[in-house]
1. Please list, ordered by chain and number, the residues whose modelled amide H lies under 5 Å from the amide H of L543; skip anything fewer than 5 residues away on the same chain.
2. Using alpha-carbon pairs under 8 Å, 6+ residues apart, how would you state the relative contact order of the range 322-389 in percent?
3. Could I have the simple spin-label model distance between A248 and E500, label points 7 Å from Cα toward Cβ, reported in nm to one decimal?
4. Quote the relative contact order of the chain in percent (integer), defining contacts as alpha-carbon pairs under 8 Å separated by 6+ residues.
5. All other residues with a Cβ under 13 Å from the Cβ of L76 taken together, and with Lys, Arg as +1 and Asp, Glu as -1, what is their net charge?
6. For the range 379-533, what is the number of Lys pairs with C-alpha distance below 21 angstrom, counting only pairs 8 or more positions apart or on separate chains?
7. Over what distance in Å are the Cα centres of the range 78-142 and the range 209-229 separated?
8. Give, in nm to one decimal, the length gained when the segment between R535 and E159 is fully stretched (0.36 nm per residue of separation minus the Cα-Cα distance).
Amino acid sequence: MIESGRDVCSDLTKASQLEWLETNGLGGFASSTIAGINTRRYHGLLVAAIKPPVVRTALLAKLEETLVIDGQRYELSANQYPGVVHPQGYQFLKRFRLDPFPVFTYEVAGLELEKSVFMVHGENTTVIQYEIIGTPARSVSLELRPLIAFRDYHGLTHENGALNAAVQTTDRLATVMPYAGLPALHFAHEADEIALAGWWYRNFEYAIERERGLEFREDLFSPFALKSDLARRQIVSIIASTEQREAAQAVPFRQAEIRRRAVVTAMSPVDDELVRTLTAAADQFIVARGDHKTIIAGYHWFSDWGRDTMIALPGLTLAVGRADAARDILLEFSRYIDEGMLPNRFPDAGEAPEYNTVDATLWFFEAVRQLIAYTGDEEFVREHLYEVLKEIIAWHERGTRYSIRVEDNGLLHSGEPGVQLTWMDAKIGDWVVTPRQGLAVEIQALWYNALCVMKELAMKFDDPASEKKYRRMAARAKRSFNQLFWNEAAGCLYDVIDGELRDAAIRPNQIMAASLAHSMLTRERAKQVVAAVERELLTPVGLRSLAPGSPDYRPRYEGGIVERDSAYHQGTAWAWLTGPFIAAYIKANGGRAREQARQWLDGFQSHIFSEACLGQVSEIFDADAPHAARGCAAQAWSVAELLRAAVEDVYAVAPTRSANKSARLKGSSARADKIVKPRKR
């Protein structure tokens with residue numbers, strides 16, 4: 001359980017910087033701050049995924065809450081308007097906890113009111129419950145006024161005459177359909193009274209959007225108000241959903257969700273608080289794409305990206321025994337391979353996928369290797385993926401989009417002017433911030449790893465001609481790589497080679513050459529790479545994307561779009577890179593290095609338990625201390641690589657191969673088969 005006391009809850013600055021996140025397994029979510037102030041356009045009680053996992057639509061922004069005790073009104077909500085916070089309900093907030101979902105405890109005039117918020121898994125449904133603690137000996141009522149947005153979650157809405165203010169009411173159900181083409185929103189409630197008068201609330205301000213240099217003001221409409229007598233009924237529930245529900249379902253929904261989350265947490269392969277928390281966090285990214293599974297790259301604004309999915313897949317699924325989900329994701333993405341390329345992104349509006357990446361496809365091979373390592377399921381790979389993988393290699397040999405092709409020296413060229421194909425993909429207009437056209441170091445590491453994976457698969461599947469071919473290709477790539485990429489003066493690897501250009505900037509990309517299962521480096525060279533990365537790039541929250549000594553180094557990720565994008569890969573620290581760094585560090589230094597690696601993982605505890613989005617890991621951090629959290633508040637590959645590194649590298653939990661605990665999510669609450677208890681620290 002993660003919790004904050006009154007010292008944090010009643011401090012507006014602190015409480016408005018701590019976020020909570022609920023997800024529904026469809027790509028939809030609910031999120032806000034523990035202060036109750038929405039500080040992002042993405043905050044809301046119901047952001048529904050209309051076409052899972054995309055077409056996300058902000059339906060219900062929040063509830064304005066008023067507790068009335070003996071005729072005295074106490075406002076519990078909080079909003080930032082121009083120049084003022086009103087009301088200031090956070091002053092009544094005594095405690096906040098994730099138990100397992102957000103629970104707020106308010107203390108008002110000697111009474112305690114507990115509010116909980118959770119989403120129903122598999123539905124665009126949010127349940128909000130209020131409970132008076134103890135038996136009130138006086139008149140107590142609760143008034144709730146929904147504020148609706150009904151817009152694309154990237155946008156903002158403003159007062160307009162097109163809104164249909166009508167409310168359809170039946171017994172304990174109120175339905176609004178403010179705009180044609182958007183789904184109806186149903187409110188199942190237990191109110192004693194409903195007032196149908198509606199009006200606009202104007203000029204909500206979102207502080208984080210202002211900081212990001214974006215439009216930050218919005219108007220929201222309230223279609224009705226609900227009033228419930230808490231002296232007569234101590235627990236009041238309201239269900240906001242795109243489905244027609246009954247308020248009486250709130251209790252069984254709650255019990256089912258508590259059981260489901262207990263099962264998720266029990267899948268933690270290590271009896272360690274940090275690993276258990278990461279296991280719970282991992283579940284929030286695995287969502288539906290039609291009848292299959294995919295991985296949301298990050299909340300609040302990313303959809304499912306090919307690169308992020310393949311990097312995150314081992315940690316989010318295999319490391320916690322969810323092999324069925326891993327297989328499903330690999331199959332789903334294999335359906336979209338085109339000209340030997342995995343899609344980089346599925347757009348929010350659900351259009352055709354985009355194919356502007358070189359590394360997503362190569363990470364696909366590593367994900368397949370990991371699937372076999374964890375499950376031993378070679379037959380699945382033989383039947384569904386082997387021919388697909390062979391075709392990918394063939395496309396890279398003959399050349400595919402964006403000049404991605406194998407050169408005569410066996411290394412993989414990629415890129416054209418004005419195109420960003422590696423994970424360092426920031427681009428502002430026509431300005432490519434980190435041009436990496438040619439031979440990028442991590443692309444060669446991934447290419448070699450892919451060739452070795454194919455060589456091993458060909459051996460397993462009795463395909464000697466292919467085995468010989470991939471063995472020869474891998475040997476040629478390894479020889480050329482060591483001849484071209486070793487920077488003797490710096491004792492590490494060049495970042496990019498393009499003709500006569502040798503980019504000696506020290507970046508974290510080279511760590512992949514030492515971390516992947518199949519490495520082209522000798523152990524001595526790998527140790528030198530690890531030492532250089534540790535010396536120049538390691539921070540308590542990940543690896544910097546550029547060494548501080550570089551003239552292009554940016555210590556802070558802040559400001560408007562141009563300022564932020566120009567710093568994105570020019571120093572900014574990335575949490576996900578902790579995973580490959582730890583893997584490389586232990587490979588280079590042996591098992592005795594695990595204690596140090598454990599300490600690096602433990603360094604994230606403060607962030608996960610008391611900063612940013614509670615229980616989650618942010619996307620990026622400022623390069624310089626104090627390393628403020630930035631970017632997405634919850635990032636899939638950040639969580640995944642910390643979790644994978646803990647399981648595989650630090651605690652060295654051997655894959656069980658036969659274990660597949662995915663079925664437990666269907667209702668069992670049994671503990672995981674194999675729990676490793678860490679040594680005392």
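1. Under 5 Å from the amide H of L543: W574, L577, T578.
2. Numbers: 53 pairs, mean separation 19.0, N = 68.
About 28 percent, as a whole number.
3. It is 8.3 nm.
4. Values: 1549 pairs, mean separation 84.3, N = 681.
It rounds to 12 percent for the chain.
5. Net of charged neighbours comes to -2.
6. Eligible lysine pairs with Cα atoms under 21 Å apart amount to 13.
7. After rounding, the separation between the Cα centres reads 17 Å.
8. Values: separation 376, 0.36 × 376 = 135.36 nm, distance 5.40 nm.
Fully extending the segment from R535 to E159 adds 130.0 nm.
The values are calculated or read from the model by the stated rules, or taken from the named source; none is laboratory data. Fair warning: this is a prediction, and the values are worked out from it, not measured in the lab. Glycine also receives a Cβ, built like all others from the backbone with ideal geometry; neighbour counts cover every protein chain displayed. For the accessible areas, the whole protein counts, side chains as well, though only heavy atoms, and no ligand, DNA or RNA atoms are used. Shrake-Rupley method; radii C 1.70, N 1.55, O 1.52, S 1.80 Å.
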